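S.K.: I have a structure here, written as structure tokens, and I will follow up with some questions on it.
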Amino acid sequence: MRPSRQITVVTSMLLVCLLTSSVLMLLRVDEARPAATLKEVLYISSPKVLKRLSLGYDGFLADVYWTRAVQYFGERLTKGSQHYDLLGPLLEITTTLDPRMMVAYEYGSNFLAPKPPLGAGQPHRAIALTEFGIRNNPGQWHLYYDLGFIYYMELKDYPHATQAFEDGAKMPNAHQIMRIMAAKMATNAGDIETARLMWLSTLQQTLDPNVKSNAVAHLNALDVDQTVTVLENLVGRYKEKTGHLPQSFSDMEAANLMTGVPVDPLGHTYKLMPDGRVEVRVPDDLPFIEKGTPYGYIAPVKPKMPQVN
């Protein structure tokens with residue numbers, strides 16, 4: 001055998017051993033140390049280097065790293081962690097190894113973008129991941145939807161959100177929601193009805209129960225915020241009309257300002273406080289609400305999400 005061929009064979013064998021040991025170490029860490037930081041597994045931390053070393057096993061390694069990314073995120077979400085330092089690298093390695101793994105983009109951006117403890121709080125990294133997916137999967141309108149969603153919900157960057165929906169609407173077989181959202185963004189970005197439409201479309205499109213629960217929780221929160229605003233405005237009108245604050249919702253009903261006792265999305269009646277504020281009865285069951293909470297209320301580290309069948 002010629003020396004050059006011997007070197008090639010030996011080098012290939014060493015690379016195979018290196019990749020095999022990396023996978024085996026990943027599995028051993030999972031079995032022996034569930035709470036491991038995984039830094040010892042990411043000693044090949046460069047996605048491009050790992051792809052060059054994969055020797056054609058890109059798809060297999062992508063599956064391994066994607067599985068670990070899901071496990072890593074799930075472990076920290078369950079614990080209410082504030083830090084997801086290795087999530088970004090795991091997702092970047094996954095998508096570099098297999099740029100067409102759509103699930104890694106769609107779920108990965110949802111892992112990265114939301115604030116802790118529901119996500120990594122890295123919206124800009126989620127945008128970079130999604131844009132990488134768009135470049136490698138032209139024509140996938142779902143990725144433009146995810147991009148617009150991040151810009152709108154996490155960054156309140158309405159011009160970029162509008163552009164994402166407009167670009168997505170041009171894709172073949174794009175859902176009509178893309179054109180609707182582009183139009184809404186152009187005229188009413190930031191209003192509560194636009195946010196409601198965003199979460200409704202997410203609820204209708206996803207099959208993942210966790211994403212559905214998150215969408216329902218946000219829709220409930222929007223409903224509470226809107227209702228509390230309306231009720232407190234009615235309290236103000238009652239005071240202007242009578243010269244004093246109402247003692248109950250019955251007083252407001254007697255003044256022909258409302259009908260019946262209002263209830264929140266979970267069926268609990270609202271509370272009318274002596275100072276005229278309106279509160280929900282069980283704020284822990286309504287994560288993401290911005291109005292209707294008691295003075296000094298601190299939301300739980302891990303919000304209680306509604307169950308979706």
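The values are calculated or read from the model by the stated rules, or taken from the named source; none is laboratory data. Here the structure is a predicted model, which means the values were calculated and not measured. Every residue, glycine as well, gets a Cβ built from its backbone with ideal geometry; the counts of neighbours run over all protein chains shown. Just the protein is used for accessible areas: all its heavy atoms, side chains included, with ligands, DNA and RNA removed. Shrake-Rupley method; radii C 1.70, N 1.55, O 1.52, S 1.80 Å.
S.K.: With a 1.4 Å probe and all protein chains kept in place, how much accessible area does W141 have, in Å² rounded to the nearest 10?
M.R.: 30 Å²
S.K.: Using every Cα-Cα pair within segment 47-206, state what percent have a distance larger than 28 Å.
M.R.: Roughly 23 percent, once rounded to a whole number.
S.K.: List the aspartates and glutamates whose Cα lies under 13 Å from the Cα of K271, skipping any in the same chain that are fewer than 8 positions away.
M.R.: Result set, ordered by chain and number: E232, E279.
S.K.: Where nothing but the Cβ of Lys and Arg (+1) and of Asp and Glu (-1) is charged, how large is the charge dipole of segment 226-275 around its Cα centre, in debye to the nearest 20?
M.R.: Here the size comes out at about 80 debye.
S.K.: Can you tell me, using C-alpha contacts under 8 Å and at least 6 residues apart, the relative contact order of segment 227-309 as a whole percent?
M.R.: 22 percent
S.K.: What whole-number value in cubic angstrom gives the convex hull volume per residue for the C-alpha atoms of segment 227-309?
M.R.: Considering the Cα atoms of segment 227-309, their hull volume per residue is 92 Å³.
S.K.: Greater than 22 Å separation of Cα atoms is the criterion. Which listed pairs, K156/K291; K79/K115; K241/K291, meet it?
M.R.: The answer is K241/K291.
S.K.: How high is the relative contact order of segment 61-219, in percent, counting Cα pairs under 8 Å that sit 6 or more residues apart?
M.R.: The value is 13 percent.
S.K.: Treating only the Cβ of Lys, Arg, Asp and Glu as charged (+1, +1, -1, -1), what charge dipole size does segment 130-278 show about its Cα centre? Round to the nearest 20 debye.
M.R.: 160 debye
S.K.: Also, I was wondering about something else. Determine the share of segment 227-309's accessible area contributed by carbon and sulfur atoms, expressed in whole percent, with a 1.4 angstrom probe.
M.R.: 51 percent
S.K.: I want the local charge near N137. Using Cβ-Cβ distances under 12 Å, sum +1 for each Lys or Arg and -1 for each Asp or Glu among the other residues.
M.R.: That sum, taken over residues with Cβ under 12 Å, equals -2.
S.K.: Below 14 angstrom from the Cβ of T206, what's the summed charge of the other residues (Lys, Arg +1; Asp, Glu -1)?
M.R.: Within the 14 Å Cβ shell, the charges total -2.
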